[in-house]
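The values are calculated or read from the model by the stated rules, or taken from the named source; none is laboratory data. Bear in mind that the values here come from a model prediction, so they are computed numbers and not experimental data. Cβ atoms come from the backbone with ideal geometry, glycine included; neighbour counts cover every protein chain shown. Please note that ligands, DNA and RNA were not included when accessible areas were found on the heavy atoms of the full protein model with its side chains. Shrake-Rupley method; radii C 1.70, N 1.55, O 1.52, S 1.80 Å.
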Amino acid sequence: MPPRYGQAFTDRPCLTELRLSAFAGHRRAGFPLGPFTLFAGPSGGGKSSALRAYEALARLGGGAELGEVFADPAACVPERARPDAQRRRGFRIGCTADGPEGPVRLDVAVQAEPELRIVGERLTAGGRVLLETALRDPGRRAVQAAWYTAGSAPVTRAPLPDDRLGTALLPLRVAGKTDGQRHVLAAAEQMVVALRSVFPCDPRPERMRAPVPLGSGRLLGGCDNLADVLWRTRAECARRHGQLVAAVRAGCAGPVADVLAEPLPGRTVRALLDRGDGIRTELGRLGDGELRYVALALVLLTGPGVLEVDPAREVPAALQTLTVLADGFDRALDVRQRAELLRLAARMGEAGHLRCVGAVSDASWAAGVDGVTVVHLDA
């Protein structure tokens, strides 16, 4: 058996493939995922929907209910999909997670109409089906599940809810008494850990210019509260803050001696660039590209403790990898800023702490760079 979590091993669980068998504009599609992956193509080519499917799998892996994840499930159904005799339509997504258990595959079939529910799920590893569910009785809000046991009975059967991912529920249902059950638990754990630490990020400059209230110090996906996070991180880790200052200096116009936050009356705080000559520039005076660049640099240089993510708390942070989902990764950025963010992402990816999946219209600037996987999509 491969080593269990808590033992010494080097492989951190991470997603290495995204499968969109039937999702929005995608059919029978499989995409490789590396430490830094860019989905590239024209508008309407399916870049955003690929990231949306990745985020949906991550949220399901974290235990979210189906209705929370898919607020508009009909939009996920392929446009030309025809309903069956019972007027049912749906979509299918999946992924592969590599780690100490080897490649583990997860495939999920979701019925979007007439009712939103999971109608089938399969977890496989090493050519063996470890968990399989199917909707047997449409009148019941449950699916029939069977998972590998390799004990006195080859499988165990039981109902599972049809609004949650069965793989995420297995640790609560499998005792782990046989080698088969332990294999199922290890594979499910690897998949859930690979999915959980995901941070969808799309910095919104228009929300980053004004002072913000002091709060939790955890960065939101739109980076609205960047000043609050800088107030926290500058005091917590001088080394990491020094790396941020160097990155901002490389990507912003004019001299940069420091990046800081200044408290204001009413328990609010604003972000500033210290120019080193007695002049401080409010971040609100920067251009959209500079603001997006500063926010993305901060995201790439920090971790789950600072970002608004829900990691697998039962697994040590050293065994997890944060994945940043960045739609419109290069929006408003200039050539210098793109190159610097690419360098930062590659450096963090080499250390195994962070992976990044972005969407861009043109990835020619990143093609051929070590550690970068470019997925070309056509409209």
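Using the alpha-carbon atoms, what tilt in degrees (0 to 90, nearest 10) does helix 238-251 show relative to the longest principal axis of the chain? Around 70 degrees separate the two axes. Given +1 at the Cβ of Lys and Arg, -1 at the Cβ of Asp and Glu and no other charges, the dipole of the stretch 8-156 around its Cα centre is 460 debye to the nearest 20.
Note on the chain: dipole from Cβ charges, positive end direction compared against PRO213, GLY120, ALA53; the farthest Cα belongs to GLY120. Less than 5 angstrom separates the built amide H of ALA142 from those of ASP162, all sequence-distant by 5 or more or on a different chain.
First measure r as the distance between the Cβ atoms of ARG27 and SER216, then evaluate 1/(1 + (r/R0)^6) with R0 = 35 Å and state the FRET efficiency to the nearest 0.05. Let's see the in-between values first.
Working: r = 41 Å, r/R0 = 1.18.
FRET efficiency, ARG27 to SER216: 0.25.
Averaging over all projection directions, the Cα-based convex hull of the stretch 144-223 occupies 7.8 nm² in the image plane. Taking amide H atoms as placed 1.01 Å from N in the peptide plane, the amide H of VAL375 lies under 5 Å from those of LEU38, PHE39, ALA40, each 5 or more residues away in sequence or on another chain.
Give the calculated FRET efficiency between ALA71 and GLU113 to the nearest 0.05, with a Förster radius of 22 Å applied to their Cβ-Cβ distance. The formula returns an efficiency of 0.90 here. Ranking LEU333, LEU273, LEU354 by how far each Cα lies toward the positive end of the dipole of the stretch 263-372 (charges on Cβ) leaves LEU273 at the top. Put simply, when 340-352, 217-229 are sorted by average Cβ atoms within 10 angstrom per residue, most first, you get 217-229, 340-352. Peptides 142-155, 321-334, 243-256, 67-80 ranked from most to least packed give 321-334, 243-256, 142-155, 67-80, packing being the mean of other C-beta atoms within 10 angstrom over each peptide's residues. About the centre of its Cα atoms, the stretch 190-252 shows a dipole size close to 180 debye [charges on the beta carbon of Lys, Arg (+1) and Asp, Glu (-1) only; nearest 20 debye]. Between GLU121, GLU290, GLU236, the Gaussian network model of the chain with springs among Cα atoms under 10 angstrom shows the greatest mean-square fluctuation at GLU236. Where does helix 47-61 land angle-wise versus the long Cα axis of the chain, in degrees 0 to 90, nearest 10? It is inclined by approximately 60 degrees.
Per residue, the accessible area of the stretch 201-343 comes to 43 Å² when a 1.4 Å probe rolls over the protein heavy atoms. Roughly how tilted is helix 288-301, in degrees to the nearest 10 and between 0 and 90, from the longest Cα axis of the chain? For helix 288-301, the angle is close to 60 degrees.
Summary of packing: across the peptides 269-277, 85-93, 44-52, the per-residue average of other C-beta atoms within 10 Å ranks them, highest first, as 44-52, 269-277, 85-93. Computed over the stretch 1-108, relative contact order equals 38 percent, with contacts defined as Cα pairs under 8 Å that lie 6+ residues apart.
Shown here: the stretch 119-179, whose C-alpha atoms stretch 35, 22, 19 Å along the first, second and third principal axes, sorted largest to smallest. Note on ALA134 and SER364: the extension gain reaches 78.5 nm, defined as 0.36 nm multiplied by sequence separation minus the Cα-Cα distance. Segment ALA85..ARG267, full-extension length gain: 59.5 nm, with 0.36 nm per residue of separation and the alpha-carbon distance subtracted. Around the Cα centre of the chain, unit charges on the Cβ atoms of Lys, Arg, Asp and Glu (plus for the first two, minus for the last two) sum to a dipole of about 540 debye. Label sites at ALA253 and ARG157, each approximated as a point 7 angstrom past Cα along Cα to Cβ, lie 7.0 nm apart. If you wrap the Cα atoms of the stretch 42-147 in a convex hull and average its projected area over all directions, you get 8.2 nm².
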